[in-house]
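Structure first, commentary second.
The values are calculated or read from the model by the stated rules, or taken from the named source; none is laboratory data. Keep in mind that what you see is a predicted model, and the values were worked out from it rather than measured. For neighbour counting, all protein chains shown are included, and Cβ atoms are generated from backbone atoms with ideal geometry for every residue, glycine included.
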Amino acid sequence: MEHTFKVSKYIFQDFKKALIIYYGIIIGIFMLMLFSYMRFSSGQSGDDIRFGGFGVSTVIFMFVSGLNCFKVNFKFMQANNISRKRFYRGTIIALISVAALMAFVDVVLNNVFNQIIPYEGVFEQLYRNGNYFADFVWSFALMVLAVSTGMFITLLYYKCNKLMKVMISFIPVVLFILLALFNNLTKGAVAYGVVNFFTAVLGFENYNPYIAVFSFFIASAGVLALSYGLIRRMPIKD
Amino acid sequence: MSKIEIKSITKDYGDTKALDNVSLTIEPNKIYGLLGRNGAGKTTLLNLITNKIFPTEGSIKIAGEPVLENDKVLKNIFYMMERNLYPEALKVKEIFKWTKEYYLLFDIEYANKLSDRFGLDINKKIRSLSTGYASIFKAIVALASNADILIYDEPVLGLDANHRNMFYKELLANYSEKPKTIIISTHLIEEVETVLEEVIIIKEGKLIEKKPVEDLLASAYVISGEASKVDEYLKDKTYIEEEHMGKYKSATVIENIQYKNETLARKLNLDFAKVELQKLFISLTN
């Protein structure tokens, strides 16, 4: 286990610089928001100016981090003769730790921003819920899913040959076209079904974020299991 | 002590058989040379021993344990690959620091000392190292790893003669201080000949020879003298590598040195000499 944590330590270290830059930018944007607010707001409670939603950029950051967390780290661990399963475990621990850290920082920043300017985080906007713990758990689960999905896509592309890469890239396009086609044939039933499905699994029906947390964790578990299947016999490629 | 047991290993890449039913045992604390022509299967064998790729058939055990995805075994092996697997954005000294995390016996002080001796700037990033210095860097990491098994795939690639000489000397000094199993895969047979204790020769994916260097060198000898007299000596003998110099010539006779005909040689005024490993290698792999 000690060795696994050392893998996590390296990957976490790799994230450190990116995290500092990312939150530096977020704080910079907040300063701009604050300046705009002070410049354009009359200070009356009826003002229409509202800010919010940097959480979406954190989710995108995690997804991109997932996309970038494999190749260089895998090769370095191979240089150090670390087995693939240990690398996998170490990576998951690092990514989950980063997700927890970012979810925590996001919740803290949301509330700090909220005290200074009229600001609403993504969670609050979606669930009309100001509970810090719920916000943290929901953000954490969503970030785990984002980073796992990013990593899975990278693994898939890394493992496949050129032809398979092209095929994989076309599958979402083909699926989208087929869905649109079926949607037309069924007079909107497919779109309706998709919306209903997401409303249910994201807990929008009764504004219950824990249904979404459960869905995110189930999806993450599935994606991580598929990732393990890909990494088990992964060759070293350039 | 880590004995490496390779049993009936076959590795296919599509229709190509890179290794074909190779079985051999590598004894601990010896220096082996893994020799073979380009594409013979040397790197494939090393990649299999170090869990970089997976066999189509067969098994590899180190100290009695299977090598497949086995960290307990893998942490005792250091494999210096020909290709670079290190993050290009990291500095040499940062790689030393991180290697210490995974090889607990890694000696940073020794690595720094070697870097100084070889003229490797530890503040340089990996991406800025020349081919020669990239090899030096990897060789230093391997030497300082203090792993029980060191595997070098083309360790002196891009090194000048001076650095090559320094590397072989350092390798022997390192081995003398702490004996370990060392496997060197190289094409520079002449240079490495004096370093090796045993050779493993692979040809077209098959093991064709595994012998102590001394025994292999005893399986042939060089005869030289006046060309007509050498020809007389060579009657009914298997020989390779004829070299002519005016009216003189020499030839490598494929015959154990204990069977050489000293009486006839004396009568014909011919001289015997030791065979070179490289010449034998060419004969065996052609």
So, B:Gly58, is that one more than 14 Å from chain A (Cβ to nearest Cβ), in contact with a helix residue (DSSP H, G or I) (Cβ under 9 Å, 6 or more places away or on another chain) and not aliphatic (A, V, I, L, M) or not? yes
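Residues checked against (1) at negative phi; (2) surrounded by fewer than 18 Cβ atoms within 10 Å (Cβ to Cβ); (3) hydrophobic (A, V, I, L, M, F, W, C):
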site	(1), (2), (3)
A:Val112	yes, yes, yes
A:Val144	yes, no, yes
A:Val166	yes, yes, yes
A:Phe176	yes, yes, yes
A:Asn183	yes, yes, no
A:Thr186	yes, yes, no
A:Tyr207	no, yes, no
By residue number, the members of the stretch B:214-258 that are assigned to a helix (DSSP H, G or I), within 31 Å of the chain's Cα centre (by Cα) and surrounded by 14 or more Cβ atoms within 10 Å (Cβ to Cβ) are B:Leu216, B:Leu217, B:Ile257
May I ask you to say which residue of A:Gly121, A:Gly90, A:Gly55 is of a type in the set (Gly, Ala, Ser), buried (at least 19 other Cβ atoms within 10 Å of the Cβ), closer than 30 Å to A:Lys237 by Cβ and touching a residue at least 60 places away in the same chain (Cβ under 8 Å)? A:Gly90
Report yes if some residue within the stretch B:87-96 is on the phi > 0 side of the Ramachandran plot and not aliphatic (A, V, I, L, M); otherwise report no. no
Hand me the list of helices (runs of 4 or more DSSP H) wholly inside the stretch A:50-131 holding 1 or more residues that are away from chain B (no Cβ under 14 Å), over 29 Å from B:Thr50 (Cα atoms) and among the β-branched types (Val, Ile, Thr). A:55-68, A:84-116, A:122-127
Does the stretch B:74-86 contain any residue that is under 14 Å from B:Ile4 (Cα atoms) and free of Cβ contacts under 8 Å to residues at least 60 places away in the same chain? yes
Looking at B:Leu105, B:Leu157, B:Leu85 in this structure, which one is surrounded by fewer than 21 Cβ atoms within 10 Å (Cβ to Cβ) and at pLDDT below 95? B:Leu157
Condition broken by B:Ala63, with the remaining ones in (1) buried (at least 21 other Cβ atoms within 10 Å of the Cβ); (2) among the hydrophobic types (A, V, I, L, M, F, W, C); (3) away from chain A (no Cβ under 14 Å) satisfied: (1)
How do the pairs read when you match residues in the stretch A:153-178 that are free of Cβ contacts under 8 Å to residues at least 12 places away in the same chain with residues anywhere that are basic (Lys, Arg) and in a helix (DSSP H, G or I), using Cβ under 6 Å and keeping only pairs 6 or more apart or on different chains? A:Tyr157/A:Lys165
Name the residue that is surrounded by the most Cβ atoms within 10 Å (Cβ to Cβ), counting only residues in the stretch B:10-43 that are under 14 Å from the mean Cα position of the chain (by Cα) and basic (Lys, Arg). B:Lys42
Only residues in the stretch B:47-70 that are more than 21 Å from B:Ala142 (Cα to Cα) count as the first member; pair them with residues that are of a type in the set (D, E, K, R) and surrounded by 17 or more Cβ atoms within 10 Å (Cβ to Cβ), Cβ under 7 angstrom, at least 6 apart or cross-chain, and list the lot. B:Pro55/B:Lys11; B:Thr56/B:Lys11
Within the stretch B:90-138, residues being more than 14 Å from every other protein chain (Cβ to nearest Cβ) and basic (Lys, Arg) number 4
Look through the stretch A:1-30, keep the residues that are farther than 19 Å from B:Lys100 by Cβ and surrounded by 15 or more Cβ atoms within 10 Å (Cβ to Cβ), and return whichever of them is farthest from the other protein chains (Cβ to nearest Cβ). A:Phe30
If you check B:Glu241 against the conditions, is it in the same structural domain as B:Leu74 (by TED's automatic domain parsing) and in contact (Cβ under 8 Å) with a residue 24 or more places away in the chain? no
Any residue in the stretch A:209-229 that is under 30 Å from A:Arg128 (Cα atoms) and in contact with a Pro (Cβ under 7 Å, 6 or more places away or on another chain)? no
Can you tell me which residue among A:Ile211, A:Ile171, A:Ile231 is modelled with pLDDT of 95 or more, farther than 28 Å from A:Leu19 by Cα and not aromatic (Phe, Trp, Tyr)? A:Ile211
Filtered residue count, the stretch B:45-55, keeping only those that are more than 9 Å from every other protein chain (Cβ to nearest Cβ) and either within 16 Å of B:Phe78 (Cα to Cα) or among the basic types (Lys, Arg) (or both): 4
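This table checks each residue for (1) in contact with a Pro (Cβ under 6 Å, 6 or more places away or on another chain); (2) closer than 25 Å to B:Lys279 by Cβ; (3) assigned to a helix (DSSP H, G or I).
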site	(1), (2), (3)
B:Asn165	no, yes, yes
B:Leu171	no, yes, yes
B:Tyr175	no, no, yes
B:Glu191	no, yes, yes
B:Val199	no, yes, no
B:Leu207	no, yes, no
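Every residue, every condition in (1) closer than 25 Å to A:Val64 by Cα; (2) acidic (Asp, Glu); (3) in a helix (DSSP H, G or I); (4) within 17 Å of the chain's Cα centre (by Cα), yes or no:
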site: A:Met164; (1), (2), (3), (4): yes, no, yes, no
site: A:Ile168; (1), (2), (3), (4): yes, no, yes, no
site: A:Val173; (1), (2), (3), (4): yes, no, yes, no
site: A:Leu179; (1), (2), (3), (4): no, no, yes, no
site: A:Phe214; (1), (2), (3), (4): yes, no, yes, yes
site: A:Phe217; (1), (2), (3), (4): yes, no, yes, yes
site: A:Leu226; (1), (2), (3), (4): yes, no, yes, no
site: A:Gly229; (1), (2), (3), (4): yes, no, yes, no
site: A:Arg233; (1), (2), (3), (4): yes, no, no, no
